[in-house]
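Report on the structure given below.
Values quoted throughout were computed directly from the atomic coordinates according to the rules given, and no laboratory measurement underlies them. All of these numbers come straight from a predicted model, not from anything done at the bench. No Cβ is skipped: glycine too gets one built from the backbone with ideal geometry, and neighbour counts run over all protein chains shown.
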Amino acid sequence: MTTTKALRGRAISFRGNPFEQPAETCLVHHDDALVIIEGGVIEACGPYAELRHTLPDGVVPIEYPDAIICAGFIDAHVHYPQLQMIGAYGSQLLEWLETYTFVAEQQFADAAHAGRVAGLFMRELLRAGTTTAMVYCTVHPQSVDAFFAEAERFNARMIAGKVLMDRNAPDALLDSAQRGYDESKALIARWHGRGRQHYCVTPRFAPTSTEAQLDAAGALLKEHDGLFLQTHLCENPSEIAWVRELFPARASYLDVYAHAGLVGRRSMFGHAVHMHEQDFCTCHQAGAALAHCPTSNLFLGSGLFRLFDAVDPKRPVKVALGTDVGAGTSLSQLQSLNEAYKVAALTDRKLNATQAFYLATLGGAEALYLDDRLGKLEPGYDADLCILDTRATPLLGFRSAYCDSIEDLLFVLMTLGDDRAVRATYVAGECVYDRDRAGEAFRY
Ligand code: GUN
Ligand code: ZN
């Protein structure tokens, strides 16, 4: 029996970077496409009329009328333990961390609690069309086990790690340089490269790690191939002033990380709202990436990320899109793009729909050095897909009838759309979420 599957509908993909080339040369669009999937991988994608003859006997395409098939979204910065305090009222970063975040994260000492939240989080990601995320767990190793176990259940490609903190947080959330190193090492042995899982060394941010802990994080990166690194950078003025006090010998916030060997390929710095030209140059030279987290930066009043300065073709820095839940206010990357457009507008720039969808898919994959397998509908790419319903709500259906180009339609989707617009999500070729399935929408 064949295991081939085929999806039919409108489809978009990318053949270039729309921050470097004209958008129309980067967007690939088929009005009526066939996506053929075999063994969890895309075997072919192109016009239905050309590919239908290649389908094995008996394979009937799953039809998605009034929908757009695209690569699954990538969320490059998100905290799963913060789901329980998303939308907490009233403060900027440092007070918000103390009042809400550090309180919620202490509950993840309980593996059962971690398991429940990880289960909800994974389903909420898939319901939002996100198939790969770079995720902060808590300081507790069991929070990482709970997360990867859930990712593995859905066979989703995920990147995550144990938070490292050895100062300036409640005692219950502190490890030490040695303990953080040992626990990370054990988690790397257990999860890194198992199935589709990747480990990410995760010092929370400079204020909560001593120099010894940052050095230990750098040692882990040196000792294992293909690890990722995530942390926070230049998010808020008070935070930046604090880093200056804590590390008076360093030239800048980013230099604190560079000194510990944390700035390189597969390093992802969240926020980067208040950056100097030298910081962008350092990231460019190192191949390090920034996560643009617009809903969070607006919610906490952190500031406006200068996207077009970051990706300046004279020294482009890789940029991905992050929700940063629970400071971010939605797990939907459509909502992140909605806010990213407004942030660009406030900095006198225009983010077009091609650039926006690229950021949420192929741009994220490039920032993570996973663009050989994620972010495109092309033969050999992982069949991680999101099916967007252009008639998901009465208003979307009404409005989309007035769109006369794919760019218009994508722009309206990112402005009006959210999780309701996700008709289905495929992970490694399996439909893991189907909004309209009778009974249970999730496969597991
Ligand atoms: N900086 C250090 N920790 C955090 C966090 O959990 N969220 C955000 N937005 N910024 C941080
Ligand atoms: Zn964050």
Please give the helix 211-223 orientation as an angle from the longest Cα principal axis of the chain, in degrees from 0 to 90, rounded to the nearest 10.
-> 40 degrees
Gain in length, K185 to L120, computed as 0.36 nm per residue apart minus the alpha-carbon separation, to one decimal in nm?
-> 20.7 nm
How would you rank 51-57, 328-334, highest first, on the average number of other Cβ atoms within 10 Å across their residues?
-> 328-334, 51-57
In vacuum, with every alpha carbon of the range 73-331 counted as one equal point scatterer, what does the Debye formula give for log10 I(q)/I(0) at q = 0.08, 0.09, 0.11, 0.12 Å⁻¹? Two decimals, please.
-> -0.27, -0.34, -0.52, -0.63
Fewest to most Cβ atoms within 10 Å: T210, T390, T2 sort as T2, T210, T390
Gain on full stretching of the segment that runs from R194 to K350 - 0.36 nm per residue minus C-alpha separation | 52.1 nm
For the chain, the longest principal axis of the Cα atoms and the Cα long axis of helix 406-416 enclose an angle in degrees, to the nearest 10, of 50 degrees
Can you give the angle from 0 to 90° between the axis of helix 333-346 and the longest principal axis of the chain, with both taken from C-alpha atoms, to the nearest 10?
-> 70 degrees
How high is the FRET efficiency from A212 to Y89, r the C-beta distance, R0 35 Å, rounded to 0.05?
-> 0.45
Starting from the Cα of E63, step 7 Å along the direction of its Cβ; do the same at Q21; then give the gap between the two resulting points in nm.
-> 3.5 nm
Treat the count of other C-beta atoms within 10 Å as a stand-in for reagent exposure and order L229, L396 from fewest to most.
-> L396, L229
Over the range 174-317, how many percent of alpha carbon pairs lie in each 5 Å bin up to the one with the longest distance?
-> 2, 10, 19, 21, 20, 15, 9, 4, 0
Short version: ³J(HN,Hα) in whole Hz for each residue of the range 87-92, in order, from phi by Karplus 6.51 cos²θ - 1.76 cosθ + 1.60 (θ = phi - 60°), x for Gly and Pro, what are they?
-> x, 8, 6, x, 7, 8
Let me see the pair-distance distribution of the range 85-194: every alpha carbon pair, 10 Å bin width, integer percents in order.
-> 14, 42, 35, 9, 0
If the cut-off is 28 Å between C-alpha atoms, which lysines fall inside it for K342, apart from same-chain ones fewer than 8 positions away?
-> K314, K318, K350, K376
Give the cross-link partners of K185 among the lysines, using a straight C-alpha distance below 16 Å as the criterion and excluding same-chain residues fewer than 8 apart.
-> K162, K222
Amide H contacts of A133 (H built 1.01 Å from N, under 5 Å, at least 5 apart or other chain) = D75, I159
For the chain the translational diffusion coefficient, Stokes-Einstein from a Kirkwood Rh over Cα pairs at 20 °C and viscosity 1.002 mPa s, in µm²/s, is roughly 98 µm²/s
